[in-house]
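The values are calculated or read from the model by the stated rules, or taken from the named source; none is laboratory data. These numbers were taken from a predicted model, which means no experiment stands behind them. With ideal geometry, Cβ positions are generated from the backbone for all residues, glycine too; neighbour counts draw on all protein chains shown.
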Amino acid sequence: MAELITKPKGTYDVLPSESYRWQYLESVLRKAASDFGYREIRFPTFEYTELFIRGVGDTTDVVQKEMFTFTDRGGRSITLRPEGTASVVRSFLENSLYGAGLPVKCFYIAPNFRGEQPQAGRYREFYQFGVEYLGSPCPSADAEVISLYATILERLGVKNIQLSINSIGCPECRPKFHAALRAYFESRQKELCPTCLDRLGRNPLRILDCKSPICKEIAQGAPSCLDHLCEECHEHFEKVKEMLAAMGIDFTVNPGIVRGLDYYTRTVFEFISTDLGAQSTVCGGGRYDGLIETLGGQPTPGLGFASGLERLLMVMDAQGIEIPKPEGCRIFLAALGEAAEVPVQKLVYELRKLGVKAERDTTGRGLKAQMKYADRLGAAYSMVIGDNELNAGIARIKDMSGGGVFDCPLNAEDIKKAVM
Ligand code: ATP
Ligand code: MG
């Protein structure tokens, strides 16, 4: 026998017996996004590498350590998408979506690729549900985006999720904050990891997001961005908090939240589960007022979030949330004897065309084995068709749960009426 080939490291299969859980989650996400006025956007799985270097930022973990980059046959550098926002903004600009008026509100459900160390809740290919809200500078947009995710958690029945918010300021107030951060980290320079040592000069904010335990500990004592906000950023943040409070959305302010991507400005937030281990952030997002300009557009504010579907399903599992099972087989038609083969095939086809989940055996099993198979399929009803039934044009339908039986004419419309 030939050697079996396994899936690549950090990937997973969603098996046919599990996919209904994904479909359910996706349907809740799509409905909520639509209720809040977001329309779906789809984009390529790979982009030119330059998009992420410029869009995500070359001092981020994602760009420095995690991208799947290769050269295509034409010598261009291509990267498998590590996150969705850069692609949305690229499409927004390339297709002049702003032309139809602002704001533009869109969502996506798409796979991302990052070369990380795989562990529970961390994969090399993972799915994100994300929304982007392009063209509004107002705190109401921040409040809306956050409230959409709060609504999703509520509709899924997910509990024990903490919302942490912060403001990391704008280009106006950031230089002062960077200077304060730099001064602080310089005083502890000898202890920083090599990556953060490099970040110290280029982007000290990134050190706050470092995963190394020592840098994390040093970051605890770092100056707070909230003490360095300019008047406008301060007011913006106050308004966001006031609106969240008015909408009854609980949050805590955490100056340690800076997010892992370079493009954020002002409001940043994370939804963190107390039921997951190390990978506890189910959703992260914030405002990125400089990104569209960075990618070649007119200055346009924007914001959004992205949530990992695997982590959402993990929390739902941990909390024992029941996901509605899809409908099983409605009626199983067993063929008894050679003469029934063709009529059963025709009847199953006609029932399916009428929208009835009908099944039959196609492996040549005997009657007893066919009925076992019907049980395995979870058929609600069954019907045995042999010479007698064909001659009479009537067969007996058995209710598989209660065991009751009744007669029904052998045609698709009547059977449908009887079992639906
Ligand atoms: P983390 O701190 O867990 O690495 P991140 O800051 O890199 O997360 P983002 O880039 O903000 O994450 O992505 C948003 C969300 O996408 C995360 O909160 C998480 O739910 C999910 N996510 C990110 N990376 C992965 C991954 N490798 N595997 C599964 N889910 C992921
Ligand atoms: Mg990460």
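All conditions in (1) within 22 Å of Lys31 (Cα to Cα); (2) aliphatic (A, V, I, L, M); (3) within 16 Å of ligand 2 (Cβ to nearest atom) hold for Ile109, with the sole exception of (3). Total residues in the range 26-59 satisfying the condition of being within 20 Å of Leu291 (Cα to Cα), charged (D, E, K, R) and surrounded by fewer than 17 Cβ atoms within 10 Å (Cβ to Cβ): the figure is 3.
Out of Ala358, Ala339, Ala278, one residue alone is at pLDDT below 95 and hydrophobic (A, V, I, L, M, F, W, C). It is Ala278.
The helices (runs of 4 or more DSSP H) found entirely in the range 181-274 that carry 1 or more residues being over 22 Å from Gly290 (Cα atoms), among the aliphatic types (A, V, I, L, M) and modelled with pLDDT under 95 are 194-202, 213-220. A single member of Asp262, Asp209, Asp250 is out of contact with any His (no Cβ under 6 Å at 6 or more places or on another chain), more than 16 Å from ligand 2 (Cβ to nearest atom) and touching a residue at least 24 places away in the same chain (Cβ under 8 Å), and it is Asp250. Counting the residues of the range 95-125 that are more than 16 Å from ligand 1 (Cβ to nearest atom), assigned to a loop (DSSP other than H, G, I, E, B) and either in contact (Cβ under 8 Å) with a residue 40 or more places away in the chain or polar (S, T, N, Q) (or both) gives 3. With respect to the conditions (1) part of a helix (DSSP H, G or I); (2) surrounded by fewer than 14 Cβ atoms within 10 Å (Cβ to Cβ); (3) of a type in the set (Asp, Glu), Glu389 falls short on a single one, namely (2). The selection criterion, being within 16 Å of ligand 1 (Cβ to nearest atom), without any contact (Cβ under 8 Å) to a residue 60 or more places away in the chain and farther than 14 Å from Leu261 by Cα, does not hold for Phe52. Evaluate the following for Ser307: is it hydroxyl-bearing (Ser, Thr, Tyr), at pLDDT below 95, under 15 Å from the mean Cα position of the chain (by Cα) and within 15 Å of ligand 1 (Cβ to nearest atom)? Spelling it out, it is not the case that Ser307 is hydroxyl-bearing (Ser, Thr, Tyr), at pLDDT below 95, under 15 Å from the mean Cα position of the chain (by Cα) and within 15 Å of ligand 1 (Cβ to nearest atom). Could you tell me whether Arg30 is closer than 26 Å to Thr195 by Cα and assigned to a helix (DSSP H, G or I)? It is false that Arg30 is closer than 26 Å to Thr195 by Cα and assigned to a helix (DSSP H, G or I). Within the range 61-77, one or more residues are within 16 Å of ligand 2 (Cβ to nearest atom), acidic (Asp, Glu), at pLDDT below 95 and under 20 Å from Leu261 (Cα atoms). For the condition farther than 23 Å from Gly37 by Cα, of a type in the set (Val, Ile, Thr) and within 16 Å of ligand 2 (Cβ to nearest atom), Ile272 qualifies.
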